[in-house]
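Down below is the structure, laid out as structure tokens.
The values are calculated or read from the model by the stated rules, or taken from the named source; none is laboratory data. This is a predicted model, so every value here is computed, not measured. Every residue, glycine among them, receives a Cβ derived from its backbone with ideal geometry; neighbour counts consider all protein chains shown. Protein only, heavy atoms only, side chains kept; ligands, DNA and RNA dropped before computing areas. Shrake-Rupley method; radii C 1.70, N 1.55, O 1.52, S 1.80 Å.
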Amino acid sequence: FLFVDTRTKVVFSRLIKSESERAIALDPKQDVAYYMLGRWNFGVANMNFLERGFVKLVYGGLPPASNDEAIKDLRQAIVLAPDRIIHHAELAKVYAATGQKNLARQQLEICAKLKPLDDDDWDAQSEAAKTLAAMKT
């Protein structure tokens, strides 16, 4: 997303939401679809005022999103795949952003205890460890 224009970001954003919802409709046990939908909700819900206004004016806006929905989606991803570090790390981000520091810390501590399943988990575990260390200082 760093090297594409705003129009492309809006198109991709809509696709991520619709395809995640479609995957869940086809197979409600798709943990990655819930993870992606949670990330989408968090990203859109936390767009700044200027970004949101620009997207609405030029591209008609994006569907509604909320941090509560992000939490719900990420918690469902964890129910379906409790050993995926990426799910816990992303939920920790949402908790931290919404002022729920103790819940964020709990998720980060879970990240430290789990065994990475792939490169994404390795990266998420590394970032989670840095965030947890910063919270303790």
Item checked: Within the range 10-20, considering residues that are free of Cβ contacts under 8 Å to residues at least 40 places away in the same chain, open to solvent by less than 80 Å² (accessible area, probe 1.4 Å) and within 17 Å of Asn41 (Cβ to Cβ), the one farthest from the chain's Cα centre (by Cα) -> Ser18
Note to self: Conditions first: (1) open to solvent by less than 60 Å² (accessible area, probe 1.4 Å); (2) in contact with a helix residue (DSSP H, G or I) (Cβ under 7 Å, 6 or more places away or on another chain). Arg105 passes all but one, so which condition is the exception?
What the structure shows: (1)
Margin query: Looking only at the range 113-137, count every residue that is open to solvent by less than 70 Å² (accessible area, probe 1.4 Å), in contact with a helix residue (DSSP H, G or I) (Cβ under 9 Å, 6 or more places away or on another chain), in a helix (DSSP H, G or I) and of a type outside the set (Val, Ile, Thr) and tell me the total.
Written below: 7
Checklist line | Failed criterion for Gly99 (all others in (1) in a helix (DSSP H, G or I); (2) open to solvent by 40 Å² or more (accessible area, probe 1.4 Å) hold) | finding: (1)
Checklist line | Enumeration of residues in the range 68-93 that are within 11 Å of Gln107 (Cα to Cα) and small (Gly, Ala, Ser) | finding: Ala89, Ala92
Note to self: Looking for something over 20 Å from Ala112 (Cα atoms) and at pLDDT 90 or above - is there at least one such residue anywhere in the range 60-67?
What the structure shows: yes
Note to self: Please pick out the residue among Val79, Val94 that is in a helix (DSSP H, G or I), crowded, with 17+ Cβ neighbours inside 10 Å and either out of contact with any strand residue (DSSP E or B) (no Cβ under 7 Å at 6 or more places or on another chain) or of a type in the set (A, V, I, L, M) (or both).
What the structure shows: Val94
Notebook entry, point to check: When only residues in the range 1-45 that are part of a loop (DSSP other than H, G, I, E, B) and among the acidic types (Asp, Glu) count, which is modelled with the highest pLDDT?
Noted result: Asp27
Next item on the list: Specify which of the listed residues (Asn41, Asn46, Asn102) is polar (S, T, N, Q) and over 23 Å from Arg7 (Cα atoms).
Entry: Asn102
Notebook entry, point to check: Is there any pair with a first residue in the range 34-49 that is within 9 Å of Ala70 (Cβ to Cβ) and a second that is among the polar types (S, T, N, Q) and outside any helix (DSSP H, G or I) whose Cβ atoms are under 6 Å apart and which are 6 or more apart or on different chains, and what are they?
Noted result: Ala45/Ser66
